[in-house]
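Encoded as structure tokens, the structure appears first; notes follow it.
The values are calculated or read from the model by the stated rules, or taken from the named source; none is laboratory data. Small disclaimer: the values here were computed from a predicted structure and weren't measured. For neighbour counting, all protein chains shown are included, and Cβ atoms are generated from backbone atoms with ideal geometry for every residue, glycine included.
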Amino acid sequence: MSGIDLLFASSIGHERTHQLALFTLLKNSNLPETLCHRPNPTKVEWEPEDQLFDLALTDSSGKLPIEIKMWASLTDSQLERQSAFLTANNLSAVYVLLGTSWFESDDDDLREKTSGRAVRAGYVELLDALDGELAITAPMNAHITASSG
């Protein structure tokens with residue numbers, strides 16, 4: 001087992017692992033469009049706004065902060081700080097809630113606490129977006145499979 005295998009085997013349940021994976025996919029694929037409905041971002045940021053959010057996309061329509069929770073609660077105080085920032089800057093956000101965090105905040109609760117400025121994404125939305133990404137890239141890679149067989 002390589003060191004990378006050991007690292008991923010021990011950290012798959014950690015938020016930082018998901019943050020790194022999503023950051024890489026948002027920078028190098030069509031995931032901004034399939035998950036966040038933001039095609040062609042000009043910038044993908046790591047822990048923007050003094051670490052208030054985990055990631056952010058910037059495109060011609062502005063900035064879209066992204067918060068990721070994996071087996072951790074989205075606390076009221078964190079949500080209040082983030083919501084105040086969203087309101088002050090007239091922004092919307094995406095909350096990627098995985099593990100138990102998905103069950104702690106439903107769509108209506110999140111919408112209410114952020115004055116309608118946030119949407120919730122979980123495993124279903126993330127897997128659908130990744131599946132959409134595979135559908136987009138599979139035809140482009142078909143020539144590799146055909147020529148290598």
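Which one is farthest from ALA118 (Cα to Cα), of the residues in the range 50-64 that are at pLDDT 95 or above and more than 11 Å from the chain's Cα centre (by Cα)?
THR58
Identify the single condition in (1) buried (at least 18 other Cβ atoms within 10 Å of the Cβ); (2) at pLDDT 90 or above; (3) in contact with a strand residue (DSSP E or B) (Cβ under 6 Å, 6 or more places away or on another chain) that LEU22 does not satisfy, given that it satisfies every other one.
Unmet condition: (3).
So, in the range 72-117, exactly how many residues are touching a residue at least 40 places away in the same chain (Cβ under 8 Å) and either in contact with a Phe, Trp or Tyr (Cβ under 9 Å, 6 or more places away or on another chain) or more than 14 Å from PHE53 (Cα to Cα) (or both)?
Within the range 72-117, the subset touching a residue at least 40 places away in the same chain (Cβ under 8 Å) is 72, 93-94, 96, 98-99.
Still in the running and either in contact with a Phe, Trp or Tyr (Cβ under 9 Å, 6 or more places away or on another chain) or more than 14 Å from PHE53 (Cα to Cα) (or both): 72, 93, 98-99.
The number of residues fulfilling the criteria is 4.
What tally of residues in the range 51-71 results from selecting those that are more than 21 Å from LEU98 (Cβ to Cβ) and either outside any strand (DSSP E or B) or touching a residue at least 60 places away in the same chain (Cβ under 8 Å) (or both)?
Start the filter on the range 51-71 by keeping residues that are more than 21 Å from LEU98 (Cβ to Cβ), which leaves 58-63.
If we keep only those that are either outside any strand (DSSP E or B) or touching a residue at least 60 places away in the same chain (Cβ under 8 Å) (or both) too, we end up with 60-61.
Of the residues in the range 51-71, 2 are more than 21 Å from LEU98 (Cβ to Cβ) and either outside any strand (DSSP E or B) or touching a residue at least 60 places away in the same chain (Cβ under 8 Å) (or both).
Conditions first: (1) surrounded by 13 or more Cβ atoms within 10 Å (Cβ to Cβ); (2) of a type outside the set (Ser, Thr, Tyr); (3) within 19 Å of LEU22 (Cα to Cα). GLU104 passes all but one, so which condition is the exception?
Tallying (1) surrounded by 13 or more Cβ atoms within 10 Å (Cβ to Cβ); (2) of a type outside the set (Ser, Thr, Tyr); (3) within 19 Å of LEU22 (Cα to Cα), GLU104 fails exactly one: (3).
Which of the residues spanning the range 118-128 are surrounded by fewer than 19 Cβ atoms within 10 Å (Cβ to Cβ) and without any contact (Cβ under 8 Å) to a residue 60 or more places away in the chain?
VAL119, GLY122, TYR123, VAL124, LEU127
Out of the residues in the range 72-94 meeting the condition of being in a helix (DSSP H, G or I) and among the small types (Gly, Ala, Ser), tell me which one is farthest from LEU20 (Cα to Cα). Spell out how you get there, then give the answer.
Restricting attention to the range 72-94, the residues satisfying the condition of being in a helix (DSSP H, G or I) are 76-88.
Retained after the next criterion (residues that are among the small types (Gly, Ala, Ser)): 77, 83-84, 88.
On the way: SER77: 25, SER83: 24, ALA84: 26, ALA88: 28 Å.
Result: ALA88.
Quickly run through the range 50-109 and pick out the residues that are in contact with a helix residue (DSSP H, G or I) (Cβ under 8 Å, 6 or more places away or on another chain) and among the basic types (Lys, Arg).
LYS63, LYS69
May I ask you to list the residues in the range 22-49 that are out of contact with any helix residue (DSSP H, G or I) (no Cβ under 9 Å at 6 or more places or on another chain) and in a loop (DSSP other than H, G, I, E, B)?
HIS37, THR42
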